[in-house]
Each structure stands twice: as C-alpha cells, then as structure tokens.
1. Could you list, in their original order, any pairs among Lys129/Lys217; Lys77/Lys217; Lys10/Lys50 whose Cα atoms are separated by more than 20 Å?
2. Mind giving me the FRET efficiency for Tyr332 and Ile261? R0 is 35 Å, r the Cβ-Cβ distance, nearest 0.05 is fine.
3. Would you mind calculating the gained length between Thr92 and Asn121 on full extension (0.36 nm times residue separation, minus the Cα-Cα distance), in nm to one decimal?
4. Taking 45 Å as R0, compute the FRET efficiency from the Cβ-Cβ separation of Cys25 and Asp209 and round it to 0.05.
5. Looking only at the range 130-289, where both bridge partners belong to it, what percent of the DSSP beta bridges are antiparallel (to the nearest 5)?
6. Note down, for the range 235-316, the three equivalent ellipsoid semi-axes (square root of 5 times each alpha carbon gyration tensor eigenvalue), biggest first, whole angstrom.
7. By how many nm would the segment from Leu237 to Ser104 grow when fully extended, if each residue of separation counts as 0.36 nm and the alpha-carbon distance is taken off?
8. Over the chain, what is the percentage of antiparallel beta bridges among all DSSP beta bridges, to the nearest 5?
Amino acid sequence: MQAGQLLNLKNLHVGYKSSSGNQKCIAGPINTQMHAGELICLLGPNGSGKSTLIRTIAGLQSPLEGDAELDGVNVKKLKPADLARKLSLVLTDSVRAGNLDVLSLISLGRYPYSGWLGGLNTDDRRIIKWAIESTHTEQFVNRKVNQLSDGECQKVMLARALAQDTPLIILDEPTAHLDLPSRIDLMRLLHQLARDTNKGILLSTHELDLALQVADKIWLLKPDRKLECGTPEDLVLNGTFESAFDKEGILFDKTTGSFNIHPVGEREISVFGEGAAAFWTKRALLRQGYIVKSGGIDSDVVISDLPDGPRWLLRKKGVRTEVESISEMMAYLVIKS
Ligand code: ADP
Ligand code: MG
C-alpha cells in the first residue's frame, strides 16, 4: 500500500439487488485511490450514483463486486466501531435532533472512543474544543440544534465529524440546502481543513464551479457508469468535464471555467477593451444573442476606462456614437440593428 493512501477502490461495482436477486449496477468498475490531505469532489448528474458510491465506501451497503479498502483493510471486514475510527460520514439530511444542544451533538463524535454512555476524558474535551474552533462554531455551542440555519447546521455536523477524529471524512452534498455565501464558506472551510489536518475529505456536490476551484481531484461519474478521476484542470483541458455536462443550450466555456446558459447567437459583434467593464459588456451582448469577438481599436464596441467611469464608443454602419452605460449601449444597438 502506498504511503498516505486512505482509500483504495478495486474493481468496485456499486448498485442494488432486487428481491428477485437481479442486480442493478449503478456505477463501475471503479479503480481509484485517495490519499491523506486530498480534497476530492465527487460530481455527476442526479441519479448517477454519488450517494450509492458514498454509502458503499462507508460500509452502509455492500458492493455488487470488487472491494473498497480503508487503510488497507476491506470495509466489509471492519467492525462498526473500527470503521467509525477510520471514517466519519455527514449526510445531507442529517437528523435535526430537536432538543439536543450543539455541544452535545458535537461531543457525540467521540462515541467510537468513549462509547454511548462513556464519560469524556481530557483528550476527548481537547479534540471537541479543536473541532469547534476549526469550524468556527463557538457562537452556536449553547444553542439547540433546531435553532440553527442550514449553513450553521452543516458546520456543526462537520464539527461532529472532526470530533470523531478519523483520517477520512465523507460528506454527501453538504452544500445542498445552502445559500451562495454559505456554500462558498463551507467549501473554503473544507479546503482549509484538508490542508491543515492532512485528513482526506470526499464530498459529493453539484457546485461545479466551486469544485473546480477547491478540489485537488475530481471524481466524475459519467453516463457510461465509469468514474473519471483527475485534477480539475486536466479534466477541463481534455474535454471530460465539458462532455459530462453537455446539455443542449448549456455550454461549458474552457477559457473562463464557467457555464454559459445562453444559446450561441447569430450576429457577430467585435469588442475592444479590458477589465470589469469589458467583461460585463460581453456578458450583456451574449445575453442578447450576439457572437462576441475580441477586436482591435476599430471594433464595433470600444470600451475606455476613464477616471470618472467607463465609456462605450459604438460604431454602427459607419456612424460613431458614445454612451455612458450598458443599457444605453443595448438600446442603441437594438434600434440601429
Ligand atoms: P445520486 O446521489 O448521484 O443522485 P443515487 O446514488 O442516489 O444518485 O442513485 C443512483 C441510482 O440508484 C438512481 O437511479 C436511483 O433510482 C437508484 N437507487 C437509489 N436507491 C435505490 C434502492 N434502494 N434500490 C434500488 N435503486 C436505488
Ligand atoms: Mg445523492
């Protein structure tokens, strides 16, 4: 086994068996590894098998074929208490234990060491304190779990997982119910934790954009049921990312790493300029169905960044005019086209 290897998936096939004994393979064969300190984002459309794979790795369901090895040991052979010292799991719809206070919930992370009724020793308390500090949840510890927002609750669930002090943490769609600032906050925190603690963190998500920014590696479940693995940048450059999310009307732009929701336009327009004003000008033109080309100083739209704000010099059928906002530019282009 390679040093630092946390997880080894060997010819793993995941799925379900019906009562009549028929097998329904959802994903496989999967052959990949995960190492200490890595943040891996598991991506794939709804129903592609992200949760099924996570549940199989976490020992909640058996593989149809092949093996998942944790720290060199087959998950199937680990007793629940041993498994709980190797892997902590945070599920999306984590039970909102109504009347439980946050500190007690986080402290439950110590159960593999203390037992359900076991008292907490100094070490347990030190790790719980560290888990709370690392997730910035100090201000919630005296609240009840049902008095937390979704974002706060996810951080508390992460603190509980940290208190469990396992080399591997797995989260199934931790950002699913969060607003954008909370999603960014949580992803940044997970990224930081992988760096600071050398733990392996595997999370499934629909946040393609954030995953591209924070993941050390991406595991992508594809329609052919195979799992494609690689650094985000390689998957973008070799076209894997694009083809996996290729849907009519949604285009992945390799040069900006963003998804373009607008259909390709029919009218060409050239734009000259740089910086924020040029970026938002191009966005507005794309929305109106233009094919935007970068041009020289004689472009149809020339943006100059003046000290008192940007100006747009427009050229249409040989006539030049200057405007002071994107809405004026759009109005002029529409009337004159
Ligand atoms: P994801 O998490 O990527 O959205 P899931 O792993 O939840 O996908 O589901 C993958 C596929 O497995 C889906 O087609 C789903 O209908 C099917 N599935 C999920 N749970 C079961 C089950 N208990 N029995 C049979 N099929 C299931
Ligand atoms: Mg799922």
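Any read-out appearing in this document is the output of simple, stated calculations on the displayed coordinates, not a laboratory observation. From a predicted model like this one, the values you see are computed outputs, not experimental measurements. Note that we place each Cβ from the backbone using ideal geometry, even for glycine, and neighbour counts take in every protein chain shown.
1. Lys129/Lys217; Lys77/Lys217
2. Between Tyr332 and Ile261 the formula returns 0.90.
3. Full extension from Thr92 to Asn121 adds 7.4 nm.
4. 0.90
5. Antiparallel: roughly 60 percent of the beta bridges in the range 130-289.
6. Calculated on Cα positions only, the semi-axes equal 28, 14, 10 Å.
7. 43.2 nm
8. 60
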